[in-house]
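See structure below.
Here, each number is a calculation from the coordinates, and none is a lab measurement. This one's a predicted model, so the numbers in the text were calculated from it and none came from an experiment. Cβ coordinates were reconstructed from backbone atoms using ideal geometry, including for glycine residues, and neighbour counts include every protein chain displayed.
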Amino acid sequence: MKGMEGVEIAEKEDVDIILWNINLPDISMINSKPGHLKPSTRFSYATHLVCTNCGKGYSIDEINTYCLDCQAPLFTVYDLKSLRQDIQREDFTRRKWGMWRWHELLPVHLPENAITLGEGDAPLLQLPNLGEELGLSNLYVKDESANPTGSFKARGISAAISKAKELGIDKVIIPTAGNAGGAMAAYAARAKLKAHIVMPKDTPVANIEESRMAGAEVVLIDGTISEAAAMAGVKARAEGWFDLSTFKEPYRVEGKKIMGYELAEAFGWSLPDVIIYPTGGGTGLVGMWKAFAELEELGWLSNTKRPRMVSVQAEGCAPVVKAFEAHATFCDFWINAHTLASGLRVPKSFADHIILQDIYDSEGIAVSVSDESISAAQRQLGKAEGIFAAPEGAATLASLISLLQQGWVRPDERIVLFNTGSGLKYIHNLAGSEANPAPAN
Ligand SMILES: Cc1ncc(COP(=O)(O)O)c(C=O)c1O
Ligand SMILES: [Zn+2]
C-alpha cells in the first residue's frame with residue numbers, strides 16, 4: 001500500500017509498518033506546509049538539563065558538559081505536558097521527512113541553528129529472505145547506513161553541532177573510533193565551526209580521509225578511543241575547544257533518541273519486541289530508551305510494552321557483557337581492546353551505568369560475538385538481502401543467531417536489527433581477503 005508522499009506502508013496484523021521513504025528532509029519546510037500542521041509556537045520544548053545521577057539541574061542556554069559533582073551524563077528535559085497539549089503525534093508524521101521534523105523534541109531553540117545534511121528517517125526494512133532462513137516471521141533492519149556520512153553518527157552529531165552553534169561555540173574537538181569523527185567533520189564544515197579530531201591510528205582509512213576532506217584537523221594516536229578521549233580532554237581545556245566526547249556533551253544522545261521515535265511511529269505507535277543494537281559508547285541504546293520513556297509520558301503509545309534491549313559487543317572488547325554477566329552496575333575498563341568492528345572498540349563508556357540500567361530495566365541481555373561470526377553475518381546479510389552492513393551492524397545478526405539457538409527470542413517476535421553504518425567504509429577488511437574471494441572467471 002502507498003502511504004503519504006512516497007512512503008510505503010505495509011499492513012501487518014493490527015499495525016501499520018512504514019518500511020521505506022525516499023524524501024529528503026528540508027528544514028525550511030518545517031512548520032510551513034499549509035493545512036498540514038497546527039503551528040507550534042515553540043521550535044523546541046526543551047527546558048533544562050538534569051544530572052542522570054543526582055538530579056541537579058543545569059541551564060540549557062549555557063555551555064554545559066556533564067555533572068561535575070558526580071561525573072555523570074546530563075539529560076535534556078522537555079516540557080512534555082505542554083507539548084502533549086499543543087501537538088499531536090500525527091502532526092509529526094505529516095511533516096517533511098528527516099530527523100528535524102521532531103524539532104520540538106530536540107534541544108535547539110532557533111530553527112536557523114539546526115544544521116542538517118539530510119539525516120534521519122533511515123529505512124526500516126523487512127528481511128524476508130533472512131527471516132525465512134532463520135525461521136523468523138517478523139525480522140527487520142533499521143538501515144542507518146542511509147544517513148549522511150554513511151552512519152547513524154550523523155544524527156547525534158547533527159544535534160550536537162547545532163546546539164554548539166546555538167551556544168556560540170566556534171571550535172570543537174572529538175575523540176572517535178571513526179564514524180563520529182567523519183560525521184563531526186561534515187557537520188562542523190556546514191556550520192562553519194573549526195573541527196579537531198583525535199583517532200586511533202588504526203581507524204578505518206575511510207574515516208580518516210572523510211574527516212580531512214571536510215577540512216578537519218586529524219590527529220592519529222597510538223591507542224584506543226579511551227586514550228584519544230584523554231588527549232581530547234587535555235586539548236579542550238588547554239585551547240578552550242568544546243569537547244564533543246560521547247555523553248560528556250549532553251546533546252548527541254538527543255539526536256540518536258529520534259531512532260526510537262521513528263520506530264514507534266513505524267510500528268503504528270507500539271514498539272517492537274526486541275531491539276538488537278551494537279554498543280560502543282551506548283548513545284543509541286540509551287537514546288532510544290529515553291525516547292520510549294518520553295513517548296510514554298506523551299501518551300503517544302497505543303501499547304506501552306517496551307522492547308527487550310540487546311547490547312551486542314565484540315569478544316575482543318566486551319565491557320558491558322562482562323558487567324552484565326556479573327550483574328554489576330558499572331563496567332571495568334577493558335584492557336587490550338581489539339576487534340575489526342572499530343566502532344565497538346570502546347574499553348569503557350562514560351555512560352556505562354545507564355547502559356546497564358537500561359538493559360536490566362528492559363529485561364534485555366548483553367552478548368558478545370567473535371570477529372569471525374561478524375564477518376560471516378556480514379556476508380549472510382549481503383547475500384540474503386543485498387545489504388552491505390558495517391561490521392558493527394552485522395554483529396547484531398551474529399548475536400541474533402546465537403540468541404535463537406539459546407531460545408532467547410521467539411520465532412514470531414518483532415525483532416529489529418540496527419545496521420548502524422555502511423560496509424563500504426570497511427572495505428579494507430575485505431579487499432582480496434580469503435573470506436571474500438574474487439569470483440573465478
Ligand atoms: C558503525 C558503528 N556502529 C556502532 C557504534 C557504536 O555506537 P555507540 O557509541 O552509540 O554505542 C559505532 C561507534 O563508533 C559505529 O561507528
Ligand atoms: Zn550529579
Between the residues I169, G55, A185, the Cα farthest towards the positive end of the dipole of the chain, that dipole coming from +1 and -1 charges on the beta-carbon of Lys, Arg, Asp and Glu, is from I169
Can you give the convex hull volume per residue for the Cα atoms of region 154-243, as a whole number of Å³? 74 Å³
Hey, got the dipole for the chain? About the Cα centre, +1 on K and R Cβ, -1 on D and E Cβ, debye to the nearest 20? 880 debye
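Taking a threshold of 24 Å on the Cα-Cα distance, which of the pairs K305/K383; K96/K256; K153/K192; K56/K192; K235/K425; K96/K153 fall above it?
On the way: K305/K383 34 Å; K96/K256 19 Å; K153/K192 19 Å; K56/K192 33 Å; K235/K425 28 Å; K96/K153 21 Å.
Check vs 24 Å cut-off fails for K305/K383; K56/K192; K235/K425.
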Taking the alpha-carbon centroid of each part, what is the distance from region 145-188 to region 89-106 in angstrom? 20 Å
Where does each of F324, F242, F152 land when they are ranked from fewest to most other beta-carbon atoms within 10 angstrom? F242, F324, F152
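For Q71 and V205, what does the FRET efficiency come to when R0 = 22 Å and r is the distance between their Cβ atoms, rounded to the nearest 0.05?
Taking R0 as 22 Å, the efficiency between Q71 and V205 is 0.05.
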Scoring only Lys, Arg, Asp and Glu (+1, +1, -1, -1) among other residues with Cβ under 10 Å from the Cβ of H338 yields -2
Percent of Cα-Cα distances greater than 41 Å, calculated over the chain: 10 percent
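At a 10 angstrom cut-off on C-beta neighbours, averaged per residue, how do the peptides 174-184, 254-264 rank from highest to lowest?
Packing proxy ranking, top to bottom: 174-184, 254-264.
Would you mind ranking E217, E104 so that the residue whose beta carbon has the fewest other beta carbons within 10 Å leads the list?
In increasing order of surrounding Cβ atoms, one gets E217, E104.
For Cα pairs less than 8 Å apart in space and 6+ apart in sequence, what is the mean separation divided by the residue count of region 154-243, i.e. the relative contact order in percent?
That works out to 31 percent.
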Net charge, V274 excluded, C-beta distance under 11 Å - Lys, Arg +1, Asp, Glu -1: +1
Can you return the aspartates and glutamates within cross-link range of K201? Criterion is Cα-Cα under 18 Å, with same-chain partners fewer than 8 residues away left out. E209, E210, E217, D222, E227
Toy charge model, Lys and Arg Cβ at +1, Asp and Glu Cβ at -1: region 154-243 dipole around Cα centroid in debye, rounded to 20, equals 360 debye
If you take every residue apart from N113 with its C-beta less than 10 Å away from the C-beta of N113, what net charge results, scoring Lys and Arg +1 and Asp and Glu -1? 0
In straight Cα distance, which aspartates and glutamates are under 12 Å from K142, not counting same-chain residues fewer than 8 positions off? D121, E262
Arranged by the count of other C-beta atoms within 10 angstrom, fewest first, what order do K322, K192, K163, K248 take? K192, K322, K248, K163
Just to be sure I understand: of the beta bridges DSSP finds with both ends in the chain, what percent are antiparallel, rounded to 5? 40 percent
Output ordering of 420-427, 121-128 (per-residue mean of other Cβ within 10 Å, highest first) is 420-427, 121-128
Which one of A314, L124, V108 is farthest out on the positive end of the charge dipole of the chain, using unit charges on Cβ (Lys, Arg +1; Asp, Glu -1) and the Cα centre as origin? V108
